[in-house]
Amino acid sequence: MIVATGLTKRYGSSVAVDGIDMVVEPGRVTGFLGPNGAGKSTTMRMALGLDRPSAGSITVDGRAYADLPAPLREVGALLDAGAVHKGRTARDHLTVLALSNGIPRRRVDEVLDLVGLTGVADRRAGGYSLGMSQRLGIAGALLGDPGTLLFDEPVNGLDPEGILWIRTLMRSLAAQGRTVLVSSHLMSEMALTADHLVVIGRGRILADTSVRAFLDEHAASWVRVRGPRPAELAAALGTAGLEVDALADGALAVRGAGAPDVGERAADAGLVLHELTTVQASLEEAFMQLTADSVQYSAAVPDRHLVPAGA
């Protein structure tokens, strides 16, 4: 279990993390989300003793990382896949970690096999692709068979098979009762992977809730309806006080009522329906809505007339 209490980090006059209180519980995958510069990586670095809090604390199973007697056996982390000596092979890199932490050599082969690097284990890490480097970083995190795992953007550089693999791995680790904290900008992937969400913006907690509760609160749903007489259908629904918008494929987007009510309105008007579906907004849409005021680096949308043709 990871517990942060009043966790704060200042760099001069800048506040990167501002009084965070959170509990990352075992047995579930917790997605740690936020815009760039929100304080996610800084929080993870403080959890691993790489940065010292300006105030407050963050502990793993009740102890600061520096006080853990065998850190790699208790906490595994992937913060930077490039933090590997480029002249060492993957096997040598993991062997050094194992020997320095009292971990049996056989565990090196086990994690190489687990992450799919056995065939390239004796190649120098400097020749690895980004995806291979990610797998090596994950192998290092798993080396001590720890009960707590922190992953910062673990799917960067992975192909679709690799993304499915890391998703399955994280969920299986949580199912074993481990604490799993994952930071990612891929909202679609977090929707499939995480059980719980902690959303941070400008160093402060914006949400700490289950994925389902987060969607229910921040992702508005609407009704997609389609029939052979769309103009009459739109008029009937509009007369009933519902908000109706035409979609490009001829269907209608209806807001202000659920699917059963929309269907009944159409029936009252004697109109046939070919489609009646409730559409739930995505996690990405909900996240963007919640963090709209917390984005520090927001790019303007270019005027299409200013973009050269073929650029």
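Please treat every number below as a calculation from the coordinates, not as lab data. As the structure is a prediction and not an experimental result, all values here were calculated from the model. FYI the Cβ positions are ideal-geometry reconstructions off the backbone, even for glycines, and counts take in every protein chain you see.
With charges only on Cβ, +1 for K and R and -1 for D and E, what is the dipole size of the chain about its Cα centre, in debye, rounded to 20?
Roughly 1180 debye, rounded to the nearest 20.
Evaluate the relative contact order of region 157-303 (contact order divided by residue number), counting alpha-carbon pairs under 8 angstrom at least 6 apart; express in whole percent.
For region 157-303, the relative contact order is 24 percent.
Whole Å is fine, so just give me how far the alpha carbon centre of region 189-256 lies from that of region 60-104.
44
Just check region 1-106 against the gyration tensor rule for me: Cα atoms, a ≥ b ≥ c as the square roots of the eigenvalues, rounded for a/c under 1.5, and otherwise prolate or oblate depending on whether a/b exceeds b/c.
Cα axes put region 1-106 in the prolate bin.
For region 111-226, what's the relative contact order in percent, using C-alpha pairs closer than 8 Å and at least 6 residues apart?
For region 111-226, the relative contact order is 18 percent.
For region 278-291, just list the computed ³J(HN,Hα) in residue order, Karplus coefficients 6.51, -1.76 and 1.60, θ = phi - 60°, integers in Hz, with x standing in for Gly and Pro.
8, 10, 8, 4, 7, 4, 4, 5, 5, 4, 4, 5, 5, 9
For region 219-227, just list the computed ³J(HN,Hα) in residue order, Karplus coefficients 6.51, -1.76 and 1.60, θ = phi - 60°, integers in Hz, with x standing in for Gly and Pro.
Listing the rounded values in order: 10, 5, 9, 8, 10, 9, 9, 9, x Hz.
Divide by every residue of the chain the summed helix terms, -39500 (n - 2.57) for each DSSP H run of at least 4, and state the resulting mean residue ellipticity at 222 nm, rounded to the nearest 500 deg cm²/dmol.
Per the formula, -10000 deg cm²/dmol.
Give me the percent relative contact order of the chain, please, defined on Cα pairs under 8 angstrom at least 6 residues apart.
20
Once R0 is set to 45 Å, what does the formula 1/(1 + (r/R0)^6) return for the Cβ-Cβ distance between Ser14 and Asp261, expressed as a FRET efficiency to the nearest 0.05?
According to the calculation, E is roughly 0.35.
I'd like the orientation of helix 230-239 relative to the chain: the angle between its Cα long axis and the longest Cα principal axis, in ° from 0 to 90, rounded to 10.
90
Can you tell me the dipole magnitude for region 245-289 around its Cα centre, using point charges on the Cβ only (Lys, Arg +1; Asp, Glu -1), in Debye to the nearest 20?
For region 245-289, the charge dipole is close to 80 debye.
Restricting to the chain, what percent of DSSP beta bridges are antiparallel, rounded to 5?
65
For Val279 paired with Thr239, estimate the spin-label separation in nm (one decimal), with each label point 7 Å from Cα along the Cα-to-Cβ line.
2.5
Of Val23, Val254, Gly241, which is farthest along the charge dipole of the chain in the positive direction, counting Lys and Arg as +1 and Asp and Glu as -1 at C-beta?
Val23
Separation between the Asp80 and Thr168 pseudo-spin-labels, each 7 Å from Cα along Cα→Cβ, expressed in nm?
Taking the simple label geometry, Asp80 and Thr168 are separated by 3.2 nm.
Would you work out which of Thr148, Gly177, Gly263 lies farthest towards the positive end of the dipole of region 106-265, given +1 charges on the beta-carbon of Lys and Arg and -1 on that of Asp and Glu, about the Cα centre?
Farthest towards the positive pole: Thr148.
Where does the charge balance sit around Arg45 when Lys and Arg score +1, Asp and Glu -1, over other residues with C-beta under 15 Å from its C-beta?
Taking every Cβ under 15 Å from that of Arg45, the sum is 0.
Does anyone have the angle between helix 130-142 and the longest principal axis of the chain? Alpha-carbon axes, 0 to 90°, nearest 10?
60
Suppose each label sits 7 Å from its Cα in the direction of the beta carbon; what would the Ala248-Ala213 distance come out to in nanometres?
Label at Ala248, label at Ala213, 3.7 nm between them.
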